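Everything on this sheet refers to the single structure shown next.
Read-outs throughout are calculated quantities, based only on the coordinates presented, and are distinct from any laboratory measurement. Here the structure is a predicted model, which is why all the values come from computation and not from measurement. A quick note on method: Cβ atoms are made from the backbone with ideal geometry, for glycine too, and the neighbour counts reach across all protein chains shown.
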């Protein structure tokens, strides 16, 4: 089980690092690369056509601006693709990235997370893998329980501080 994380440029890495970190926390192997839809189209085609042959289970693709990377990967790969819209320096407040990833034509789905939401992309990738891998599923269950515990502890602190 391995997740590929690709991004349009190294300027996307600070956002995409969140997905890398959470997947490593879940002990899922990660392959990271830069694959530009516009500047390295041959690399994009090779990556997309062959990821499943290299043991990749899920692809997370992050891009800013006219974010074609997730959709182009999804158009060529049989694997689930999760798109991360990145608010970049050439972005129109992130909306161009969001809509480029979200508004895919029928037959070419891309699961889309929030602007700069790479952590959720990592969690979603783990959940996809967990659907058929009980060890990963157990890790996700424990992670979700830890979220619940943190909220309950915070609620208790707030209550106590208001008395």
Q) In whole angstrom, how far apart do the alpha carbon centroids of the stretch 60-107 and the stretch 2-42 sit? A) 13 Å
Q) When Rg is the radius of gyration of the Cα atoms in the stretch 2-161 and Rh is its Kirkwood radius, what does Rg/Rh come to? A) 1.03
Q) Whole-Å semi-axes of the stretch 88-161's equivalent ellipsoid, largest first, each the root of 5 times a Cα gyration tensor eigenvalue? A) 31, 22, 9
Q. Can you sort 45, 110, 141 so the residue with the fewest Cβ neighbours within 10 Å comes first?
A. 141, 45, 110
Q: Compare 27, 153, 145 in a GNM of the chain, Cα atoms joined below 10 Å, and give the one with the largest fluctuation.
A: 153
**Q.** Rounded tilt (10° steps) of 134-161 against the dominant C-alpha axis of the chain
**A.** 50 degrees
(Q) Quick check on the chain: helices-only [θ] at 222 nm, where DSSP H runs of length 4 and up contribute -39,500 (n - 2.57) each and the sum goes over total residues. Nearest 500, please. (A) -15500 deg cm²/dmol
